[in-house]
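Read through the structure below, which is laid out as structure tokens, and then see the notes.
The values are calculated or read from the model by the stated rules, or taken from the named source; none is laboratory data. Just so it is clear, the model here is predicted, and its values are computed rather than measured. Neighbour counts run over all protein chains shown; Cβ positions are idealised from the backbone, glycine included. For the accessible areas, the whole protein counts, side chains as well, though only heavy atoms, and no ligand, DNA or RNA atoms are used. Shrake-Rupley method; radii C 1.70, N 1.55, O 1.52, S 1.80 Å.
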Amino acid sequence: MEALVAAFAPIWVLTAVGWLAGRTGLLGGDAEAVLGRFVFHVAMPAALFTVVARTDLAGFANTSMLAFVAGTVVASLLGLLAGRRFFPREPAARTVAVMAAGYVNSGNLGIPVAAQVLGDASFVAPVLLFQVLLVTPVMLAVLDTATGSAARPVDRLRRLALLPLRNPVILGAGLGAVFSAAGWHLPGPLAHSLDLLGGAAVPTALVTLGLSLHTPPGAAARRPDRAELAVTVLLKTAVQPLAALAVGALLLHLPGPQLLAVVLLSALPTAQNVYVYARLYGAAPALARSSVLVSTVLSMATLSAIAWLLGGR
């Protein structure tokens, strides 16, 4: 529990800093929008490039990843079905709800949790690659198509084809994959500059998340539907790890350490990146924000229970 508290503490502290800044008006009325654009267009692409460029793409060739992917697919599909059946929304908002139900915080939380509980942070690398190189481009493509103004099918296809060049997040991750596959390395000063820039992504995203928690008078509409939030958080914190456990134990017969790693990483809370994307595309930002916060709080209990039940280190 002490190790988990140490991993979660920066999330709570930086989010609280953002809330205080919003409460006091320290950064001005446009701070949330400006910082959100900075994260999406500048800091996050730099962070994704540096992480992917230094990660061996062979990490995808991992049997245990099948269990993680299965958990992600199950939680995402159930989120999609629940949205269509009980919470009618436009396609862009529905996409954000699906991400909130199945996109884990593999970066700033997954790495310290894996290091503390599993004793090896390398377990996170395949999960990070899967989300960055596959899940994120697909979801952003859907968001871009749903919020785009192109009416003709030909225009939509052209817009979709040019998405990697227009979307800095996809571009950064894609370039990182190219560098990793080719074995290229940036010159030292440039690599260090990107490290510094990418290092600002997570703390700025958390401060932006905290800024969004300050609701000005008369802005009650920014609160999400409680039933939809409850379903989303339930899928994220319970259904996704249980699906990964079922596939890993019953179908793949994973050994204990691999099974623990898969279930633990599947139980990570919703990533703050989901809120960044929702904010930029104007699609269900209140649901994304609340999903990040509530799932993060609940995951303290679920991660501890998983570590205890499946054997810890």
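Among all residues of segment 18-34, there is none that is in a helix (DSSP H, G or I), open to solvent by 30 Å² or more (accessible area, probe 1.4 Å) and under 26 Å from ALA121 (Cα atoms). Counting only helices (runs of 4 or more DSSP H) wholly contained in segment 176-263, the ones carrying 2 or more residues that are modelled with pLDDT of 95 or more occupy 188-199, 226-234, 240-246. Cβ separations smaller than 7 Å between residues 6+ apart or across chains give the following pairs from segment 60-81 residues that are under 12 Å from ALA243 (Cα atoms) to residues that are among the basic types (Lys, Arg): ALA75/LYS236.
Annotation note: Cβ proximity below 6 Å between a residue of segment 246-259 that is over 16 Å from PRO126 (Cα atoms) and a residue that is open to solvent by 40 Å² or more (accessible area, probe 1.4 Å) (sequence gap 6+ or interchain) occurs for GLY256/GLY311. Being among the β-branched types (Val, Ile, Thr) and over 20 Å from the mean Cα position of the chain (by Cα) is a description that applies to VAL17. Within segment 241-282, track down each residue that is buried (at least 24 other Cβ atoms within 10 Å of the Cβ), touching a helix residue (DSSP H, G or I) at 6+ places or on another chain (Cβ under 6 Å) and under 21 Å from ALA31 (Cβ atoms). Correct list: GLN272, VAL274, TYR275, VAL276, ALA278, ARG279. Checking every residue in segment 38-55 against the condition of being more than 17 Å from the chain's Cα centre (by Cα) and exposed (fewer than 15 other Cβ atoms within 10 Å of the Cβ) gives at least one match.
Looking across segment 4-13, just one residue is buried (at least 16 other Cβ atoms within 10 Å of the Cβ) and either of a type in the set (Lys, Arg) or more than 17 Å from the chain's Cα centre (by Cα) (or both), and that is LEU4. Within the set ALA201, ALA182, the sole residue that is in contact (Cβ under 8 Å) with a residue 12 or more places away in the chain, open to solvent by less than 60 Å² (accessible area, probe 1.4 Å) and among the hydrophobic types (A, V, I, L, M, F, W, C) turns out to be ALA201. Can you say whether THR136 is in contact with a Leu (Cβ under 8 Å, 6 or more places away or on another chain), among the polar types (S, T, N, Q) and either crowded, with 21+ Cβ neighbours inside 10 Å or in a helix (DSSP H, G or I) (or both), as far as the supplied structure shows? No. Among VAL117, VAL135, VAL142, which is touching a Phe, Trp or Tyr at 6+ places or on another chain (Cβ under 7 Å) and either at pLDDT below 85 or among the aliphatic types (A, V, I, L, M) (or both)? Answer to the selection: VAL135. Pairs linking a residue in segment 290-304 that is open to solvent by less than 60 Å² (accessible area, probe 1.4 Å) to a residue that is acidic (Asp, Glu) and at pLDDT 90 or above, with Cβ atoms under 8 Å and 6 or more positions apart or on different chains, do not occur. Look at GLY119 and say whether it is open to solvent by 10 Å² or more (accessible area, probe 1.4 Å), closer than 24 Å to ALA9 by Cβ, in contact (Cβ under 8 Å) with a residue 40 or more places away in the chain and small (Gly, Ala, Ser). The answer is yes for GLY119.
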